[in-house]
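Taking it in order: structure first as structure tokens, then the write-up.
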Amino acid sequence: MEPNEKYIAAENRYADMDKNYNRCGKSGVLLPKVSLGMWHNFGANDPYERSKAITHYAFDHGITHFDLANNYGPPYGSAEETMGRLMEQDFRPYRDELFISSKAGYDMWEGPYGEWGSRKYLMASLDQSLRRMKLDYVDLFYSHRFDPKTPIEETLQALVDIVRQGKALYVGISNWPLEPLKAAVPYLKERDVPLLIYQGRLNMLNREPIETGILEFCRQEGVGFIAYSPLAQGLLTERYLDGIPADSRMAKEHFLKSERRTPELLAYLRQLEAQGKAHGRTIAQEALAWILAQEGVTSVLVGASSVKQLQDNLAII
Ligand code: NDP
């Protein structure tokens, strides 16, 4: 696509509706089995043309769900600004076909009101996110982490009120432990803002939501579950089999440290590779298929630094 050419979404993007979407818990919402996360690769330091190519490819192939948070970038806020630019230039005509989420919980701005779970922070943060993304509302707004020092009712009531104000259509919870999650579900249900979805880290190397019972609880309660870092930030792919590529997340030594590339991991990957070959799948596809096979999982929330990676991941469905 030329830089000034108008974006027109692929006509056949919903050709495989029955196959590509899962119902989110007991709600009316269908989410794509593979959703796109914008934590990395969509900030101000990343080439905009590449962000555009990846998001276009995603939407052209039926990925309707894009996941953001206030502090995605770097710098903080800039992934949402990228989404705002995409909205203005390409996606506005398709707004009603998109399911866009954002979150607040981690450190975002200085001072006492820039993180955690107070009403003050959540409300202000969502207003900022809407401005950056050039949206009137988000489809889904999350509490990004549990705040043990704020009364749980304050955080939950802020989520309820955000929906009442029309700034979000649904609410979600991410990274909360099981006990407060158990309190959140009835609180929200009683106020007619049922919890749509839980976002937690789940992949073949980290099975915490299964071990803690969170996935099972969500399933029983009719709450959807979306698995973040389903490829363990790239570990569960071919990326690191033969070394650490210069353009990889591990080479940055920040969120993914090279110490994770152990002989045990490489042996595990070789085994997955062989298993994948038997199924006609890549390592990444094998890892995503494992998650999607878990009962209660609605979607895998992948990241991608190229169209080719996304293409590989999408081939799973
Ligand atoms: P993944 O586990 O999917 O890792 C993505 C990275 O893996 C890519 O950036 C790329 O690495 C590599 N990769 C992806 N596909 C392939 C492939 N087919 N072949 C080779 N390498 C591949 O997810 P993320 O950790 O990026 O998280 C996904 C999303 O989950 C985030 O964008 C965010 O929306 C959400 N999230 C939520 C959190 C929360 O607290 N709620 C926390 C973390 C994530 P490289 O860049 O090196 O090319």
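The values are calculated or read from the model by the stated rules, or taken from the named source; none is laboratory data. Here the structure is a predicted model, which is why all the values come from computation and not from measurement. Cβ placement follows ideal geometry from the backbone for every residue including glycine, while neighbour counts extend to all protein chains displayed.
Of 274, 246, all but one fail to be outside any loop (DSSP other than H, G, I, E, B) and of a type in the set (Gly, Ala, Ser); the exception is 274.
Residue count for the range 134-161, restricted to those that are under 23 Å from the mean Cα position of the chain (by Cα), of a type in the set (Lys, Arg) and more than 16 Å from the ligand (Cβ to nearest atom): 1.
Sub-6 Å Cβ pairs linking a first residue in the range 141-167 that is within 16 Å of residue 190 (Cβ to Cβ) to a second residue that is not in a helix (DSSP H, G or I), at least 6 apart or interchain, are 155/117; 155/143; 159/171; 160/191; 160/193; 163/193, ordered by first then second residue. Restricting to the range 245-264, and then to whatever is buried (at least 16 other Cβ atoms within 10 Å of the Cβ) and of a type in the set (A, V, I, L, M), can you tell me which residue is nearest to the chain's Cα centre (by Cα)? Filtering first and then ranking leaves 256. Number of residues in the range 279-317 that are near the ligand (Cβ under 8 Å from one of its atoms), of a type in the set (Ser, Thr, Tyr) and either crowded, with 22+ Cβ neighbours inside 10 Å or touching a residue at least 60 places away in the same chain (Cβ under 8 Å) (or both) equals 2.
Would you confirm, using the coordinates I've provided, whether residue 187 is of a type in the set (Ser, Thr, Tyr), touching a residue at least 24 places away in the same chain (Cβ under 8 Å) and within 10 Å of the ligand (Cβ to nearest atom)? Considered against the rule, which asks whether it is of a type in the set (Ser, Thr, Tyr), touching a residue at least 24 places away in the same chain (Cβ under 8 Å) and within 10 Å of the ligand (Cβ to nearest atom), residue 187 comes out as no.
Checked against (1) away from the ligand (no atom under 12 Å from the Cβ); (2) under 23 Å from residue 286 (Cα atoms); (3) not aromatic (Phe, Trp, Tyr), residue 245 passes all but condition (1). Screening residue 314 with (1) farther than 19 Å from residue 55 by Cα; (2) at pLDDT 95 or above gives one miss only, at (1). In summary, residue 193 fulfils each of the numbered conditions (1) of a type outside the set (Ser, Thr, Tyr); (2) within 30 Å of residue 263 (Cα to Cα); (3) touching a strand residue (DSSP E or B) at 6+ places or on another chain (Cβ under 8 Å) with the single exception of condition (2).
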